[in-house]
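Enquirer: Have a look at this one.
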Amino acid sequence: MEIRDRDFDREVLKSELPVLVEFWGSWCPPCQKEKYILEKLREEYKGRMKIVTINVDRNPRAAYRYGIKCVPTYIIFHRGEAIHSDIAAKSEGQLREMIEEALKKIPNQL
Amino acid sequence: MKLHNAHKTCWNCPAAILKGNVDFRACGQSLEAIRRRIEREGLLIECARLPDLGHFEPTITFEECPEWRPTKYGYLLENMRVMILGIDGYLGWTLALKLGALGCEVSGVDCFLRRKMVRELGTDSVVPIYPMEERLKAAKEVLDIDIKFREINILDREKLGQFMREVQPEAIVHYGEIPSAPYSMIDCNHAIQVQYNNVIGTLGLLFLMKEICPESSLIKLGTLGEYGAPLTGRPLFEGLFPADAVLRWRGREWSLGGELTPRDPVSFYHVSKVQDTFNIYEACKYWWLRSYDVMQGVIYGVHTDEVAADPRLRTRLDVDEWFGTVVNRFVAQAILGMPLTVYGEGEQIRGFIALEDAMECMVRLISSPPEPGQYDVVNQVSGLHKVSELAETVARVAAEFGYDVKIQRVENPRVEADYHPFEVVSTKLPNELGFTPKVPLEVEIRRMFELLTQPHIVERIRKVAHLIRPRTWWSGEKKVVETLEVYRPGTRRRRGFKPRLITDRERFPVSKVEEVERAVEAIGGGEGGDGNKG
């Protein structure tokens with residue numbers, strides 16, 4: 001699910017579930033491809049982790065706010081706080097590992 | 001049912017003025033003034049076509065925008081300004097007429113290099129082509145198409161830049177390259193000529209686009225030959241590795257998704273195309289240009305409705321060893337009663353596409369610009385065939401026209417594997433751009449026989465007959481290849497690998513394409529592109 005600056009508070013910061021946000025750019029080929037994997041993981045983690053994407057050029061306020069210096073950048077939020085961040089395109093296995101690690105930090109979500 | 005590009009927005013539109021409004025690279029390279037404005041007012045852009053909109057949020061879809069009109073190939077910008085480099089060529093001229101018929105404002109440049117090169121080699125197009133002046137006049141008289149033409153060599157950046165400033169193209173189709181592998185292998189001078197013209201011409205164009213029309217898209221002709229035929233048998237992906245490709249090494253793994261796939265060009269001409277690929281990839285990255293790099297299969301055929309409308313509108317067709325592609329050459333040989341020349345075992349597999357289908361693909365790509373900074377690749381191919389099977393097909397169609405054709409295996413002057421696996425991925429055109437091939441191989445070959453058997457054309461084929469059999473060896477030798485075996489069609493046992501074309505067509509099946517075409521017709525948006533949004 002692609003979100004916009006105006007949705008960021010509602011979809012991410014105020015979300016009941018933890019949220020993985022991928023910050024991406026249309027000029028980044030690995031970001032373009034990774035959408036397909038994130039789509040798949042979104043289904044797999046339904047009810048445990050919300051997964052959204054946000055384009056840094058179209059949504060500069062969020063990009064400025066979180067100081068995005070590289071795409072893709074992943075930040076996992078829980079109750080408005082960034083609990084994990086990472087950069088560089090990931091394989092499906094690496095993304096799953098990142099999500100599982102983050103979920104371990106949130107006992108109620110297990 | 002929506003057209004394939006209905007959901008695209010201002011971000012894909014060449015009329016959207018992004019420069020000065022968008023803080024590209026909001027990742028540490030931002031312009032402070034733009035950044036402050038965005039923080040204050042939000043992200044707003046302007047439209048070059050609808051200046052009265054002032055500053056607005058770039059969220060209007062093609063379906064909603066009054067400037068994008070439905071056609072059977074998707075929404076197309078009304079009177080879209082498309083510039084074709086190499087407009088006098090086999091593909092350039094054909095596309096110019098097709099786009100003109102769709103209501104585009106077509107402009108183009110050519111320096112007639114191809115006409116000069118064939119003269120230098122003592123050959124000529126077997127289908128008569130007229131001087132550009134005559135062509136332009138006929139386009140107006142017969143099809144009511146105005147084409148703005150300038151005789152310009154794309155290496156002359158000053159003149160090309162002036163013309164681009166005048167036209168302000170919204171899409172640029174780059175056919176302005178020397179197209180031949182054997183031509184590049186004649187000798188050192190020819191290899192240098194091909195690489196200089198192609199690589200430097202394209203690099204100069206990229207700098208001009210950055211300065212003059214950074215929002216327009218570049219549709220650049222590459223070739224499937226850039227990939228080669230990897231002997232590992234791995235698929236030829238569409239330029240970039242897919243999302244789930246992974247590199248494993250010493251127990252660790254990395255995503256390869258989005259990285260350029262390896263290239264293994266098969267001649268100095270193909271190397272020039274690979275170099276172009278890297279230059280375009282970088283230009284998109286540095287300057288937010290947008291491009292489709294079209295890895296086109298070997299093209300064949302003579303027909304589109306527009307070129308067939310009048311003899312003065314016909315596009316060129318070469319059958320000599322340097323500029324003739326394989327199917328075109330086989331048809332010429334069949335007509336002359338020469339056994340069709342298959343190189344080596346004839347088990348080489350290549351991707352192919354008919355002229356008419358290739359033109360449709362190009363229109364769909366023009367109508368669906370990539371996003372800012374996006375370098376994308378499409379494998380433009382409608383079928384994979386072994387060379388010996390093509391010879392069998394041409395022989396079969398030739399028999400319908402009363403020709404008794406034999407096939408000959410000759411020495412292979414190229415450096416290539418006789419037997420090799422070949423698996424090609426071509427999912428974007430069918431799934432994201434709504435393309436379905438409409439011209440079966442045999443249908444186009446029949447059209448070729450119908451045209452090329454006309455007496456004045458047979459006479460022209462006869463004049464270049466001695467230039468069909470190859471003499472340009474990749475080793476540098478110059479000697480006519482010898483015959484290894486002559487056989488009758490249908491008598492040789494086939495061996496080797498079975499090719500595989502992966503299209504994942506299920507997301508946009510043929511029935512859906514027909515449904516879209518019916519929907520477009522119903523709202524009056526046919527070929528003319530003059531439908532309205534209703």
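The values are calculated or read from the model by the stated rules, or taken from the named source; none is laboratory data. Note that the structure is predicted; figures quoted are calculated from it, not measured. Here the Cβ is made from the backbone with ideal geometry for all residues, glycine too, and neighbour counts use every protein chain on show. Calculation scope for accessible area: heavy atoms of the full protein, side chains included, ligands and nucleic acids excluded. Shrake-Rupley method; radii C 1.70, N 1.55, O 1.52, S 1.80 Å.
Enquirer: How many Å² of accessible area per residue for region A:5-109, probe 1.4 Å? Before the final figure, lay out the partial values.
Expert: Values: 4580 Å² over 105 residues.
Here the per-residue accessible area is 44 Å².
Enquirer: While we're looking at this one, here's another question. Quick one: grab Rg to one decimal and Dmax as a whole number for region A:1-76, Cα atoms only, in Å.
Expert: Every Cα atom of region A:1-76 included, Rg and Dmax give 11.7, 32 Å.
Enquirer: What percent of all Cα-Cα pairs in region B:392-519 falls in each 5 Å bin, counting up from 0?
Expert: 2, 8, 10, 13, 15, 16, 14, 11, 7, 3, 1, 0
Enquirer: Looking at the P(r) of chain B, how many percent of alpha-carbon pairs lie beyond 32 Å?
Expert: On the way: 62414 of 142311 pairs.
The proportion of pairs with Cα distances above 32 Å equals 44 percent.
Enquirer: Under 8 Å for C-alpha pairs, at least 6 residues apart: give me the relative contact order for region B:380-489, rounded to a whole percent.
Expert: Contact order relative to length: 45 percent.
Enquirer: A further question follows. Pull up the DSSP beta bridges for the protein assembly as shown and report the antiparallel fraction as a percent, rounded to 5. The partial results should precede the final answer.
Expert: Details: 33 of 82 bridges.
Counting only bridges with both partners in the protein assembly as shown, antiparallel ones make up about 40 percent.
Enquirer: Could I ask something else about it? Can you pull out the buried accessible area for chains B and A, both sides counted, probe 1.4 Å, rounded to the nearest 100 Å²?
Expert: 2500
Enquirer: Would you pull out the residues with amide H under 5 Å of residue B:217's amide H, same chain only if 5 or more places away, H placed 1.01 Å from N?
Expert: The answer is B:171, B:172.
Enquirer: Mind checking the mean number of beta-carbon atoms from other chains within 10 Å of the Cβ atoms in B:253-263?
Expert: Details: counts 5, 5, 12, 4, 13, 9, 4, 1, 0, 0, 0.
Other-chain Cβ atoms within 10 Å of each residue's Cβ, averaged: 5.
Enquirer: Considering only C-alpha atoms, what is the centroid distance from region B:156-191 to region B:427-492, in Å?
Expert: Answer, in whole Å: 25.
Enquirer: Counting DSSP beta bridges in region B:171-261, what percent are antiparallel, to the nearest 5?
Expert: Numbers: 5 of 9 bridges.
In region B:171-261, DSSP labels about 55 percent of beta bridges as antiparallel.
Enquirer: Can I ask one more? Distance from the Cα centre of region A:32-63 to that of region B:85-153, in angstrom?
Expert: If you average the Cα positions of each part, the centres end up 47 Å apart.
Enquirer: Something else about it: Taking amide H positions as placed 1.01 Å from N in the peptide plane, with prolines and chain starts having none, which residues 5 or more places from residue B:340, or on another chain, fall under 5 Å of its amide H?
Expert: Those lying under 5 Å, H to H, from residue B:340 are B:406, B:407, B:408.
Enquirer: List the relative contact order of region B:1-68 as a percent without decimals, with contacts defined as Cα pairs under 8 Å and 6+ residues apart. Numbers along the way, then the final one.
Expert: Values: 70 pairs, mean separation 28.3, N = 68.
Relative CO of region B:1-68 lands at 42 percent.
Enquirer: Scattering from the C-alpha atoms of region B:385-449 alone, worked out with Debye: what is log10 I(q)/I(0) at q = 0.20, 0.28, 0.29 1/Å?
Expert: Taken in order of the listed q values, log10 I(q)/I(0) reads -0.98, -1.17, -1.20.
Enquirer: While we're here: Between residue B:286 and residue B:252, what length in nm is gained on full extension when 0.36 nm per residue of separation is reduced by their alpha carbon distance? Write out the running numbers ahead of the final one.
Expert: On the way: separation 34, 0.36 × 34 = 12.24 nm, distance 3.12 nm.
Fully extending the segment from residue B:286 to residue B:252 adds 9.1 nm.
Enquirer: Okay, next question. To the nearest 10 degrees, how steeply does helix B:157-167 sit against the main Cα axis of chain B, on a 0 to 90 scale?
Expert: Here the helix axis deviates by roughly 60 degrees.
Enquirer: First obtain the Kirkwood hydrodynamic radius of the protein assembly as shown from its Cα pairs, then insert it into the Stokes-Einstein equation at 25 °C and 0.890 mPa s, and state the resulting D in µm² per second as a whole number. Intermediate results must be reported in sequence, preceding the final value.
Expert: Numbers: Rh = 26.3 Å.
Rounded to a whole number, D works out at 93 µm²/s.
Enquirer: Take the alpha-carbon positions of region B:1-68, form their convex hull, and give its projected area averaged over all directions (one quarter of the hull surface) in nm².
Expert: Values: hull surface 21.4 nm².
Mean orientational projected area (region B:1-68, Cα hull): 5.3 nm².
Enquirer: Further, regarding this structure: Taking 25 Å as R0, compute the FRET efficiency from the Cβ-Cβ separation of residue A:13 and residue B:57 and round it to 0.05.
Expert: Working: r = 22 Å, r/R0 = 0.88.
E(calc), rounded to 0.05, equals 0.70.
Enquirer: Please list the non-local residues whose amide H lies under 5 Å from the amide H of residue B:497, H modeled 1.01 Å from N, same-chain partners needing a gap of 5 or more.
Expert: B:420
Enquirer: Any idea what angle helix B:326-336 forms with the longest principal axis of chain B, computed on alpha-carbon atoms, 0 to 90 degrees, nearest 10?
Expert: Taking the Cα atoms of chain B, the angle to B:326-336 is about 40 degrees.
Enquirer: Roll a 1.4 Å probe over the protein chains and send me the accessible area per residue for region B:138-296 in Å².
Expert: Heavy-atom accessible area per residue stands at 41 Å².
Enquirer: Loop-only check: which trypsin sites (Lys or Arg not before Pro) in region A:43-110 are DSSP coil with at most 15 other Cβ within 10 angstrom? All intermediate terms of the calculation are to be shown ahead of the outcome.
Expert: Details: sites: A:46, A:48, A:50, A:58, A:61, A:65, A:69, A:79, A:90, A:96, A:104, A:105; in loops: A:46, A:48, A:58, A:69, A:79, A:90, A:105.
For trypsin sites (Lys or Arg not before Pro) across region A:43-110 that sit outside H, G, I, E and B with at most 15 neighbouring Cβ atoms in 10 Å, the list reads A:46, A:48, A:69, A:79, A:105.
Enquirer: For peptide A:20-29, how many partner chain Cβ atoms fall within 10 Å of a residue's Cβ, on average? Before the final figure, lay out each step's value.
Expert: Details: counts 0, 0, 0, 2, 0, 9, 11, 15, 5, 15.
Average neighbour count from other chains, rounded to a whole number: 6.
Enquirer: Pull up the DSSP beta bridges for region B:182-322 and report the antiparallel fraction as a percent, rounded to 5. Could the numbers behind the result be given before it?
Expert: On the way: 5 of 12 bridges.
Roughly 40 percent of the DSSP beta bridges within region B:182-322 come out antiparallel.
Enquirer: Moving to a separate point now. Within a 10 angstrom radius of each residue's Cβ in A:54-67, how many Cβ atoms of other chains show up on average? Whole number is fine.
Expert: On the way: counts 0, 3, 6, 14, 11, 3, 11, 5, 1, 6, 6, 1, 0, 3.
Taking all residues of A:54-67 together, the mean is 5.
Enquirer: OK, next. Using 32 Å as the Cα-Cα cut-off, could you pick out the over-long pairs in B:140/B:273; B:285/B:428; A:104/B:428; B:140/B:438; B:273/B:438; B:428/B:498? Don't skip to the answer; put the middle values down first.
Expert: Numbers: B:140/B:273 34 Å; B:285/B:428 21 Å; A:104/B:428 39 Å; B:140/B:438 28 Å; B:273/B:438 28 Å; B:428/B:498 23 Å.
Where the Cα-Cα span goes over 32 Å, the pairs concerned are B:140/B:273; A:104/B:428.
Enquirer: To continue, here is another question. Can you grab the distance from the C-alpha centre of region B:286-311 to the C-alpha centre of region B:205-281, Å, no decimals?
Expert: 19
Enquirer: Find the accessible area per residue for region B:356-458; the probe is 1.4 Å, ligands and nucleic acids are left out, and the unit is Å².
Expert: Working: 2960 Å² over 103 residues.
Computed with neighbouring chains in place, this is 29 Å² per residue.
Enquirer: Would you work out what percent of the accessible area of the protein assembly as shown, with all protein chains in place, is carbon or sulfur (probe 1.4 Å)?
Expert: Values: 13140 of 25930 Å².
Ligands and nucleic acids excluded, carbon and sulfur give 51 percent.
Enquirer: What is chain B's relative contact order, in percent, from Cα pairs under 8 angstrom and six or more apart in sequence?
Expert: Values: 1083 pairs, mean separation 99.7, N = 534.
Relative contact order here is 19 percent.
Enquirer: Grab the beta carbon distance between residue B:153 and residue B:48, set R0 = 35 Å, and tell me the FRET efficiency rounded to 0.05. Let's see the in-between values first.
Expert: Values: r = 29 Å, r/R0 = 0.83.
Plugging the Cβ-Cβ distance into 1/(1 + (r/R0)^6) gives 0.75.
Enquirer: Moving on to the next point. Please give the peptides B:326-332, B:31-37, B:255-261 ranked by average Cβ packing (other Cβ atoms within 10 Å per residue), highest first, as a rough proxy for protection.
Expert: On the way: B:326-332: 26.7, B:31-37: 13.1, B:255-261: 20.4.
The peptides rank, most packed first, as B:326-332, B:255-261, B:31-37.
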